[in-house]
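For reference, the structure discussed in these notes is given below.
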Protein chains: 2
Amino acid sequence: MNTRLEAALAVSTVIFALRSDPGSGLSSLWLPLVRRTRDPYLGRWALPGGGLPTDEGLAGAAARALRETTGLTPKYLEQLYTFGDPGRSPGGRVVSVVYWALVESGEAALAVEDENVHWFPADHLPPLAFDHNRIVEYALWRLRTKVEYSRIAHAFLGETFTLAQLREVHEAVLQKALDPANFRRTVESSGTVVDTGRRVAGVPHRPPRLYRYNDSVPAAEPGALEPAIG
Amino acid sequence: MNTRLEAALAVSTVIFALRSDPGSGLSSLWLPLVRRTRDPYLGRWALPGGGLPTDEGLAGAAARALRETTGLTPKYLEQLYTFGDPGRSPGGRVVSVVYWALVESGEAALAVEDENVHWFPADHLPPLAFDHNRIVEYALWRLRTKVEYSRIAHAFLGETFTLAQLREVHEAVLQKALDPANFRRTVESSGTVVDTGRRVAGVPHRPPRLYRYNDSVPAAEPGALEPAIG
DNA sequence: GTGACTTCTGGTCAGACTGACTATAAGATG
DNA sequence: CATCTTATAGTCAGTCTGACCAGAAGTCAC
């Protein structure tokens, strides 16, 4: 079990944030990619990541890659899958432990973006390096599945939020409209949010209540294993 | 991404089979462990596994470890999680990609067992090497969660089976009794099994129908990622 | 100030689903 | 044939969900 092995080990992260679509004005999922500066796939876009320092945990390495490329801190971080088919990387076996992360939308708007870091709409990606298109597809599936039964949507929002904002997150992730009244009923009965007593002022209609996330309700997560951040 | 790294890479497998409990006569979950023949944890029981050959996929390595230790072929095999905390292995960083597998019960009764391979009841394990107790706990959680929404229970059974046998699998995994009539209603409406038209003969009561697994109904699985075997 | 407008928020209603339970079917066994 | 055991069908009430209705409560135009 302690044999030194031939395969190289890497940690990558699929980072999601909500941004409003230039066309429709609706929010949708975006993710940052980095341009490869080496062969193989020189010049192609790829998931941020890198090697695994000896003294760092897997989740720590994922969070660091995220911070180094985007300057952001994830509000949610969880292991996705480990990809290790021989042949997924031309020129040497690479085993990639992939994490997925959610970052706050307001913060994400300020994220680093330059020649080598660029945000793309998650549903319309160019051909990426390695098998990264497939990895993003799987991460999207996982996000869309999990948002329905777990309480991760608030990771896209700030400290306090209205139920309409929370609903818009769900709508953006699931790509379908939700009935406001039914959504409210479901969320309220789940106990995942708490009324702060405050309301939003200055809106040209009835002012909505502000809620905050309820930390005391445990997520429906594995007994022995929690998300790294969440 | 192609840097040679310091951490060693290993693949381990949590293998589940059903066996009848000596005491109660009821079926329960058992798993095979191997005795460590080297330090660290010399003499302790551990999950079967080993290094990753250069030309072999992760799932392939998991299936091979399973075959080599138990002589069995898994009817279900899926990646569980990758454990890589620094310090989880005394004497050198090890990153373990862990799979979980289900094997047919009839076949499992014939499995290899000797001085260095032994089957244990999954709920009463001795202290294992490394963090393997925690890994088994997580695999158990995953099995128990997944058996309720996915159709993996048939992996414990043979080609054809009665609904009572399928129900007993669920009862053994979930550790609670299920109403036979309600179970039948749920399974039949799910379309996951097909009536073979045959019945079991020679039982001292009304003969039950024999069903087989319906391959044509797709599992509720990731779009981009399937279980290795299932 | 007043009415129009918009979203918030509370409520109803019907159909689907679930757990508990009852009853009949169909074989073996003595 | 009576009896026993499990298989299998059906009922009923409570819960959950999607579709929909209606009043509440602000801003804004006039």
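All told, A:D21 falls short of being free of Cβ contacts under 8 Å to residues at least 24 places away in the same chain and surrounded by fewer than 20 Cβ atoms within 10 Å (Cβ to Cβ).
Of all residues in the range B:205-223, those being out of contact with any Ser or Thr (no Cβ under 8 Å at 6 or more places or on another chain) and closer than 15 Å to B:A164 by Cα number 3.
Are any residues in the range B:99-140 assigned to a strand (DSSP E or B) and within 12 Å of the chain's Cα centre (by Cα), and if so, which ones?
Within the range B:99-140, B:Y99, B:W100, B:A101, B:L102 qualify.
The number of residues in the range A:78-126 that are of a type outside the set (D, E), within 14 Å of another protein chain (Cβ to nearest Cβ) and surrounded by 13 or more Cβ atoms within 10 Å (Cβ to Cβ) comes to 20. Take the residues of the range B:143-179 that are basic (K, R) and not in a helix (DSSP H, G or I): which is farthest from B:N214 (Cα to Cα)? Looking at the filtered set, the residue picked out is B:K176.
Considering (1) surrounded by 18 or more Cβ atoms within 10 Å (Cβ to Cβ); (2) more than 16 Å from DNA strand C (Cβ to nearest atom), the lone condition that B:R151 does not fulfil carries the number (2). Screening A:Y211 against (1) over 14 Å from the mean Cα position of the chain (by Cα); (2) hydroxyl-bearing (S, T, Y); (3) within 16 Å of DNA strand D (Cβ to nearest atom) leaves a single unmet condition, (3).
Within the set B:P180, B:P222, B:P227, B:P207, the sole residue that is away from DNA strand C (no atom under 15 Å from the Cβ) and free of Cβ contacts under 8 Å to residues at least 24 places away in the same chain turns out to be B:P222. Looking at the range B:180-190, is at least one residue within 9 Å of DNA strand D (Cβ to nearest atom), of a type in the set (G, A, S) and not in a loop (DSSP other than H, G, I, E, B)? Within the range B:180-190, one or more residues are within 9 Å of DNA strand D (Cβ to nearest atom), of a type in the set (G, A, S) and not in a loop (DSSP other than H, G, I, E, B).
Only a single criterion out of (1) over 14 Å from B:H132 (Cα atoms); (2) among the hydrophobic types (A, V, I, L, M, F, W, C); (3) in contact with a Leu (Cβ under 6 Å, 6 or more places away or on another chain) is not satisfied by B:V11, namely (1). Of the strands (runs of 3 or more DSSP E) contained entirely in the range A:1-67, those carrying at least 1 residues that are away from every other protein chain (no Cβ under 13 Å) fall at A:8-20, A:27-35.
Count of the range A:37-61 residues, restricted to those that are touching a strand residue (DSSP E or B) at 6+ places or on another chain (Cβ under 7 Å) and aromatic (F, W, Y), is 1. Residues in the range A:68-85 that are of a type outside the set (A, V, I, L, M) and part of a strand (DSSP E or B): A:Y76, A:E78, A:Q79, A:Y81, A:T82, A:F83. For the range B:166-179, the candidate set comprises residues that are surrounded by fewer than 16 Cβ atoms within 10 Å (Cβ to Cβ) and away from DNA strand D (no atom under 13 Å from the Cβ); within that set, the residue that is nearest to the chain's Cα centre (by Cα) is B:L174.
The criterion of being in the same structural domain as B:N116 (by TED's automatic domain parsing) and within 30 Å of A:R88 (Cβ to Cβ) holds for B:T13. Within the range A:130-163, being out of contact with any Pro (no Cβ under 6 Å at 6 or more places or on another chain), within 16 Å of DNA strand D (Cβ to nearest atom) and over 16 Å from A:I15 (Cα atoms) holds for A:T145, A:E148, A:Y149, A:S150, A:R151, A:L163. For B:T186, the requirement of being within 15 Å of DNA strand C (Cβ to nearest atom), farther than 23 Å from B:T73 by Cα and not assigned by TED's automatic domain parsing to the domain that holds B:T73 is met. From the residues in the range B:68-77 that are surrounded by 18 or more Cβ atoms within 10 Å (Cβ to Cβ) and closer than 22 Å to B:L128 by Cβ, which one is farthest from the other protein chains (Cβ to nearest Cβ)? Checked the range B:68-77; the qualifying residue farthest from the other protein chains (Cβ to nearest Cβ) is B:L72. Taking the range A:155-165 as the range and being without any contact (Cβ under 8 Å) to a residue 60 or more places away in the chain and either crowded, with 21+ Cβ neighbours inside 10 Å or not aliphatic (A, V, I, L, M) (or both) as the test, the residues that pass are A:L157, A:G158, A:E159, A:T160, A:F161, A:T162, A:Q165.
Within the range B:46-98, the residues that satisfy the criterion of being out of contact with any helix residue (DSSP H, G or I) (no Cβ under 8 Å at 6 or more places or on another chain) and hydrophobic (A, V, I, L, M, F, W, C) are B:L58, B:A59, B:A61, B:A62, B:A63, B:A65, B:L66, B:V94.
The values are calculated or read from the model by the stated rules, or taken from the named source; none is laboratory data. Not measured: the values here are computed from a predicted model. Cβ sites come from the backbone with ideal geometry, for glycine too, and all protein chains shown count toward neighbours.
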